[in-house]
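Structure first, then comments.
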Amino acid sequence: MYQQATVTMSMRELDRLKVMQAVVAGELRAGLAAERLGLCARQVRRLAKRYRIEGPVGLTSRRRHKPSNRRIQEDLENQVARILRDQYADFGPTLAMEKLAERHQIVLAKETVRRIQVAAGLWIPRKLRPPKVQQPRPRRACVGELIQIDGCEHAWFEERASMCTALVFVDDATSRLMWLKFARTESTFTYFEALREYLGRYGKPLALYSDKASIFRVNRPGAVNGCGHTQFSRALYELNIDGICANTPAAKGRVERAHLTLQDRLVKELRLAGISSIEAANALMPTFIETHNRKFAKVPRDPHDAHRPVRPEEDLDLIFACREPRKVSQNLTLHYERRLYVLRDTAANRRLIGKYVDVFQYPDGRIEIRVAGQALHYSLYGTSGRPDPEVLKQGTVVENKRLSHALQVLRENQARREARTVTLPTTHRTDGTPIPRSKMVASQKPQRPRLRHPVRAMDPELLPPLAGRQTTDPKRPIQWNPESPNTDIST
């Protein structure tokens, strides 16, 4: 028998111990134990024999507490440590591994180099490093130099209305709430409308500071189609406003902290005012912004205002419209948003065949085709001219900020499809009782009248002349002899 002792085992070895106990006790066959452990039956019998002689110790790995067969030689490890200490003391494990292979022909794994660096005191593991201290960034000097913008989706009207998004503009120098606009969702057009109202109130700022949402930058690294920038960034470029994206939410902490204040104070102000719609809330914002800034705004270091006026040649209607290039086909047609636009057949338009024109889509849904600053007349092919409702295809990728709006669009589309569904006639009511035949919904297509005498549907020239009287009994069989011309087919 084996002696009692304390044995350290892994979870896998504990499972093996329980199976071997069942095998030795005769409760489990070797074949089933082999399937359960993923071994062959011969190996199970070897383990059972070892368990009878040595006990649980016999089931542990024989390589425990022994050096690995794949370990590097001690002389090579000392050589690598000396090279790292002399030449690559400030190198990370990945770069040090590459330089050892390029310059010294020593090929090692990255984790092996990391272990040698840690043992030599050249690298501190990430868990042992002191936490980073995020120093607050100093404010900008003057108003309008840097405006932080962000959208906050929240239950602003509580249970009185559905959730919506507040587009917030905060000045970095003073923490002033420059502008706030409520919208159904955070999209390019809503930012266009909010920025246009901001420009009309203050002018053009030096730069806008936002997050890395797809409205402000192209997030797909391998994007090959398009012009390389978003519609919002294109509008900022035409207005000579720089757009900057923050790497972390903490980098634009002033607008993030403004969200917390607004979610507390603004919600209560809307409740006291009895406001439950986006239009009424936007009408209240100028008064609320003025009251908010009197309490929380800071004094800038420089009294200069960096805002610039909008130039007369900057047409805001054209700038704040989504613009896409489209190629004119040989038939003077072009495609945009799954619709076919037909241009007038004129000499000037024929010169545009094979060339690109700009399609402008305005926030109110209007579509305009322009080339060289001139609008072209067009007609829609195969449609009534009414704008199509917004449609989301199956499997459409939706950002988290637009999920609520996407669900609202899906809800409206499903309701529209349900209303378009044709209700077929039924023979039973919803409670299961049959509907009388006199109250059933008649089919729109009239049924074909059933002939009482099918023989009369034949060619009249092939039928003999009728004789005698017709019977009123439909069950009486028709007797007719083609050789006898006087045969009565109605009796």
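The values are calculated or read from the model by the stated rules, or taken from the named source; none is laboratory data. Keep in mind the model is a prediction, meaning the values are calculated, not measured. So basically every Cβ, Gly included, is an ideal-geometry build from the backbone, and we count neighbours across all protein chains shown.
Only one of the listed residues (THR287, THR248, THR291) is modelled with pLDDT under 90, out of contact with any strand residue (DSSP E or B) (no Cβ under 9 Å at 6 or more places or on another chain), more than 30 Å from LEU376 (Cβ to Cβ) and of a type in the set (S, T, N, Q). That residue is THR248.
I'd like to know if segment 202-213 contains one or more residues that are assigned to a helix (DSSP H, G or I), surrounded by 19 or more Cβ atoms within 10 Å (Cβ to Cβ) and charged (D, E, K, R). Scanning segment 202-213 turns up no residue that is assigned to a helix (DSSP H, G or I), surrounded by 19 or more Cβ atoms within 10 Å (Cβ to Cβ) and charged (D, E, K, R). Can you find even one residue in segment 273-293 that is within 26 Å of the chain's Cα centre (by Cα), in contact (Cβ under 8 Å) with a residue 40 or more places away in the chain and surrounded by 14 or more Cβ atoms within 10 Å (Cβ to Cβ)? Looking for residues that are within 26 Å of the chain's Cα centre (by Cα), in contact (Cβ under 8 Å) with a residue 40 or more places away in the chain and surrounded by 14 or more Cβ atoms within 10 Å (Cβ to Cβ), one finds at least one in segment 273-293, hence yes.
Scanning segment 74-89 for residues that are under 16 Å from GLN105 (Cα atoms) and more than 51 Å from the chain's Cα centre (by Cα) gives ASP75, LEU76, ASN78, GLN79, ARG82.
Filtering segment 279-318 to residues that are over 23 Å from VAL267 (Cα atoms) and in a helix (DSSP H, G or I) leaves LEU316, ASP317, LEU318. Figure legend. Inter-residue proximity from segment 302-316: first residues farther than 11 Å from VAL143 by Cα, second residues among the small types (Gly, Ala, Ser), beta-carbon distance below 9 Å, spacing 6+ or different chains. Indicated pairs: ARG308/GLY144; ARG308/GLY203; PRO309/GLY203; VAL310/GLY200; VAL310/GLY203; LEU316/GLY200. Working carefully through the options GLU159, GLU102, GLU153, find the one that is free of Cβ contacts under 8 Å to residues at least 40 places away in the same chain, among the acidic types (Asp, Glu) and assigned by TED's automatic domain parsing to the domain that holds GLU238. Criteria check complete, one pass: GLU159. For segment 46-55, a tally of residues being touching a residue at least 12 places away in the same chain (Cβ under 8 Å) and closer than 15 Å to ALA25 by Cβ returns 5.
Output the residues belonging to segment 270-307 that are in contact with a Ser or Thr (Cβ under 9 Å, 6 or more places away or on another chain) and of a type outside the set (Lys, Arg). First the steps, then the outcome.
Let us first name the residues in segment 270-307 that are in contact with a Ser or Thr (Cβ under 9 Å, 6 or more places away or on another chain), namely 270, 292-293, 296-300.
Listed by number, the residues that qualify are LEU270, HIS292, ASN293, PHE296, ALA297, VAL299, PRO300.
Of all the residues in segment 53-101, those that are closer than 30 Å to GLN43 by Cβ and of a type in the set (S, T, N, Q) number 4. Per the listing ALA183, ALA194, ALA141, the residue uniquely over 26 Å from ARG366 (Cβ atoms) and among the small types (Gly, Ala, Ser) is ALA141.
Against the test of being assigned to a loop (DSSP other than H, G, I, E, B), surrounded by fewer than 22 Cβ atoms within 10 Å (Cβ to Cβ) and touching a His at 6+ places or on another chain (Cβ under 7 Å), the options THR185, THR174 yield a single qualifying residue, THR185. Criterion first (exposed (fewer than 14 other Cβ atoms within 10 Å of the Cβ), out of contact with any helix residue (DSSP H, G or I) (no Cβ under 9 Å at 6 or more places or on another chain), of a type in the set (D, E, K, R) and not in a helix (DSSP H, G or I)) does ARG70 satisfy it? Answer is yes for this residue. Does ARG196 satisfy the condition of being of a type in the set (Lys, Arg) and under 24 Å from LEU272 (Cα atoms)? Against the criterion (of a type in the set (Lys, Arg) and under 24 Å from LEU272 (Cα atoms)), ARG196 does not qualify.
Output the residue which, of all residues in segment 307-339 that are basic (Lys, Arg), closer than 29 Å to LEU206 by Cα and surrounded by 14 or more Cβ atoms within 10 Å (Cβ to Cβ), is modelled with the highest pLDDT. By that ranking, first place goes to ARG308.
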